[in-house]
Amino acid sequence: MVKTRKVETDEMFTETSSKKQMKCKHPMFVGGLLFMLVSVGLIIAAMYFVLPKEIATKIMEVEYSKVGWPDNYRIINKMQLEQINNFVKEYKAKNPNDKPTENKNDTSATTPAADSILTKDQLEALKASSFIEWNKDAKITIVEYSDLECPFCIRQAKEWIIKQLRDKYGDKVNNIFKNFRWVPHENSEIEASASLCAWDLGWVEAYSSYYHKIFERSNGWNGTGFSKDNLVPLAKEIWLNEAKFKECLDSKKNVTRFDADTEEWKKMWVQWTPGNVIINNETWKYILIAGAYPVTEFESKIDELLK
């Protein structure tokens, strides 16, 4: 049978197509395609799983370095969680009628407004009951609501966060240290009372020297990081009258001042320790830094209030 030109052309096209199909199915090509797919998959997996883990590991290494080793970090976080749970239980017991707001997005009950402002009377009352360190006429006041047995307060003190701010800003800032009753650490009350006795009996820097030495020598464990047996010897060390100091401490007269300082946190929205309130003394605006943060966090807030 004689083939027409069209038939020959069709057969050539079919043959060529078949060869192309056979080429596409070549084992080497299929292997290369699979290799590319696997490679892309590995890259994606690395981006989404491996790299974040490496970054997280680096971050945790930094956190571990702050407290010694991973086991310390685990214990301290456990202690913080216990503090939060105890605080919540105590608050609920005292405020049984406090119910959540209907608006789930409403955080006004737990966080201060961005433009929080004190009244002039509030600021004057706060300062009247405080020992102000450094320049009393400074534009910025840093108020530390702290617990001498809180591990995070101890960390903030041992990293010299507030001193670094003094070194940077000079006479633009001053500092107020307030004892804060948040959780029932065993020695918190007597240490707060002792530091206030140092204020009552000492020269102008006795209070500051006393609480700083407690922080410096505390190991931060279980609410007894600084032994109460060392409170009177510490007073003697900084040249306070030992007999009068012991009389002041035994009287517990400063417990009410400890409680009064704690009550202030309700007005400042402090909810845990350390609670650092940065105040502009000219505009009366303030910003809360809730917790132990790097010095850069304090600097950014101070710079914002200095504008």
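Scanning region 180-213 for residues that are of a type in the set (A, V, I, L, M), closer than 23 Å to Ile238 by Cβ and surrounded by fewer than 22 Cβ atoms within 10 Å (Cβ to Cβ) gives Ile190, Leu201, Val204, Ala206.
Is it true that some residue in region 203-216 is within 20 Å of Ala290 (Cβ to Cβ) and either in the same structural domain as Val270 (by TED's automatic domain parsing) or touching a helix residue (DSSP H, G or I) at 6+ places or on another chain (Cβ under 6 Å) (or both)? Yes: region 203-216 contains one or more residues that are within 20 Å of Ala290 (Cβ to Cβ) and either in the same structural domain as Val270 (by TED's automatic domain parsing) or touching a helix residue (DSSP H, G or I) at 6+ places or on another chain (Cβ under 6 Å) (or both). With the structure loaded, tell me whether Lys285 is touching a strand residue (DSSP E or B) at 6+ places or on another chain (Cβ under 6 Å) and charged (D, E, K, R) or whether it fails that test. For Lys285, the condition - touching a strand residue (DSSP E or B) at 6+ places or on another chain (Cβ under 6 Å) and charged (D, E, K, R) - is met.
Beta carbons closer than 9 Å, at least 6 apart along the sequence or on distinct chains, pair a first residue in region 260-280 that is assigned by TED's automatic domain parsing to the domain that holds Val143 with a second that is charged (D, E, K, R) and in a loop (DSSP other than H, G, I, E, B) for Asp261/Arg181; Thr262/Arg181; Val270/Glu264; Thr273/Asp147; Pro274/Asp147; Asn280/Lys139. Of all residues in region 234-251, those being farther than 19 Å from His212 by Cα and touching a Cys at 6+ places or on another chain (Cβ under 6 Å) number 1. Take the conditions (1) closer than 21 Å to Pro294 by Cα; (2) in contact with a strand residue (DSSP E or B) (Cβ under 7 Å, 6 or more places away or on another chain); Ser116 misses just one of them, which is (1).
Of the helices (runs of 4 or more DSSP H) entirely within region 77-179, those holding at least 3 residues that are at pLDDT 90 or above and crowded, with 20+ Cβ neighbours inside 10 Å occupy 151-158, 161-169.
Here is a yes/no grid of residues against (1) more than 19 Å from Trp199 (Cα to Cα); (2) under 19 Å from the mean Cα position of the chain (by Cα); (3) modelled with pLDDT under 95; (4) polar (S, T, N, Q):
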position	(1), (2), (3), (4)
Lys236	no, no, no, no
Leu240	no, no, no, no
Ala243	no, no, no, no
Gln271	yes, yes, yes, yes
Phe298	yes, yes, no, no
Leu306	yes, no, no, no
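The values are calculated or read from the model by the stated rules, or taken from the named source; none is laboratory data. Note that the coordinates shown come from a computational prediction; the quantities given were computed from them, not determined experimentally. Please note: Cβ atoms are built from the backbone with ideal geometry, for glycine as well, and neighbour counts cover all protein chains shown.
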